[in-house]
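Notes follow the structure.
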Amino acid sequence: MRLQDLILALLFASESPVSAELMAQAVDRPVYEVEEALEALGRRLALDGPLQVVRLAGGFQLATKSEFAPAVARLLEPRPLKLSQAMLEVLAVVAYRQPITSAEIQEVRGVDSDYSLKQLLDRRLVMETGRRRTPGRPIEYGTTSQFLHQFNLNSLQDLPQLAVGDDGSMLAIGPETPQDQLALELEAEE
Amino acid sequence: MPRPEKSTEAALPGGGSTGQIPDLLFECDAFSGSLSTLFLLARDGRVDLLGVPLAPLCEAYFRHILESEGKDIEGCAGALAALAYLLERKSFHALPRTEVEEDEPDRDTDLDFGPGLSLPELQPAIEALRELRQEAEGRFFRSPEAQEGYLLPLDIGEVQPADLARAFARLLAKASPEPPELTSAPRRSLAEQMREVLAALRSEPVSLVDLLPVGFTKTDAVWWFLALLELIRLGQARAVLAEDDVLFSRGGDA
């Protein structure tokens, strides 16, 4: 049985991202062999068919390619994830400043942010990560793997990097995901 | 669980003192510590009182005062003074303010937070996150949510979750008011509750209301219902539909 096919079966059966280590345990093969098979499988699927292997939230998962999104969306009628400007701001503050307390979020934004924070907690985009060792021991918050998944990120390292542009304004750079790299490689090969 | 720890004295703003406060440990999302610590932090504006539920704290101290039967008048007076101050501060903070959060709030955009990123500096990142989210919407997965795992649904014959929910709602409607919580009440465990429920179950099916002891509270109802669900999952209890009610009996594995 081809390792690539075994990996494809594992990815198909999984409802959430699976790490290469877990797949290696399942197929009883070294991790590097699984990683090589994942790369080969990713190339194979990228060239043919409606599916792709995506690297998300610290693992790998099968997903439909974007050109098939309209038809799938008409079938599934997914509820769009609506994030207000306030929620996006709180999410960005938590993502870039974590672990952070509610009071610190409020200080950065200049307004009470508890409502938006609660909405983000309910949507599992933000979670409690512990308590700070300061008087009152306030709760600290950080982002979740759900956040990585819903924002197309493999890890927090993939968050857009902020840099100062030539005109002195702030710019967001990246992220360059493994999928982007693969697309660039395939474009170059063509 | 609040419990007496020590006594502390704190100065009220504008002079005066709370006297010796017998401290009970208090824990919630926004604060963890004693009444005197909470008092000092509130006085210095270092805790958001809106996130601290004061009612349970007041109840715990009122019980403590009643139980002390006047043996520590100064301590009780100190606690009451501190609680009154906290209630007044919280009431003040609860008043409507001009900076109510909206989708596009007015704010001072020059705010900077120490060495970290300020909100204007984060604006490109916010836009980038918005674009990432839009890109992600073009992909579909077998499961739209990155769940840690999932549980296979339990097959309990013709009884549907909605039937169980209705039975539970009927039970809650008949529950008695909760008695005051005892500070020395032992912790309850689901395992013990399951033993109690198993002992009460008979081979002939009975309704939830008949199963629970007379005068049960809402807390009792929740514990009994959770224990029943777990027993059903383990095959030690059985649920059957009878007209519009669900009846429970011992299962084959009990």
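Summary of values
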{"item": "Inter-chain Cβ neighbour average for residues A:136-145, partner chain, 10 Å", "result": "4"}
{"item": "Cα centroid separation, the stretch B:194-235 to the stretch A:65-87 (Å)", "result": "44 Å"}
{"item": "Theoretical FRET efficiency, 1/(1+(r/R0)^6), r = Cβ-Cβ of B:Glu27 and A:Ala40, R0 51 Å, to 0.05", "result": "0.45"}
{"item": "Cα centroid of the stretch A:96-143 to Cα centroid of the stretch B:163-177, whole Å", "result": "36 Å"}
{"item": "Of A:Thr101, A:Phe151, A:Gly130, farthest towards positive along the dipole that unit charges on Lys, Arg, Asp, Glu beta carbons give the stretch A:85-159", "result": "A:Gly130"}
{"item": "Calculated [θ] (222 nm, deg cm²/dmol) that DSSP helices of n ≥ 4 give over chain A, each run adding -39,500 (n - 2.57)", "result": "-14500 deg cm²/dmol"}
{"item": "For chain A, the spread of Cα positions along each principal axis, largest first, Å", "result": "59, 42, 37"}
{"item": "B/A buried area, accessible surface, summed, 1.4 Å probe, Å²", "result": "5000 Å²"}
{"item": "Rg to Rh, two decimals, where the stretch A:3-76 supplies the alpha carbon set and Rh follows Kirkwood", "result": "1.00"}
{"item": "Sequence ranges B:51-64, B:197-210, ranked by mean other-Cβ count within 10 angstrom, highest first", "result": "B:51-64, B:197-210"}
{"item": "Length released on extending from B:Ala162 to B:Glu74, taking residue separation times 0.36 nm less the Cα-Cα span", "result": "26.2 nm"}
{"item": "Shielding by partners, peptide A:81-90 (average Cβ within 10 angstrom, other chains)", "result": "4"}
{"item": "Distance between modelled label sites at B:Arg233 and A:Ala73, nm, 7 Å Cα→Cβ extension", "result": "3.8 nm"}
{"item": "Inter-site label distance for A:Glu33 and A:Phe12 at 7 Å from Cα along Cβ, in nm", "result": "2.2 nm"}
{"item": "Candidate lysines - alpha carbon under 30 Å from A:Lys118, same-chain residues fewer than 8 apart omitted", "result": "A:Lys82, B:Lys90, B:Lys218"}
{"item": "Shielding of B:55-64 by partner chains, average beta-carbon count, 10 Å", "result": "0"}
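The values are calculated or read from the model by the stated rules, or taken from the named source; none is laboratory data. All values derive from a computational prediction rather than experimental measurement. Heads up, the Cβs are rebuilt from the backbone with ideal geometry, glycines too, and the neighbour counts pull from every protein chain shown. We work out accessible area using only protein heavy atoms, side chains counted, and drop any ligands, DNA or RNA first. Shrake-Rupley method; radii C 1.70, N 1.55, O 1.52, S 1.80 Å.
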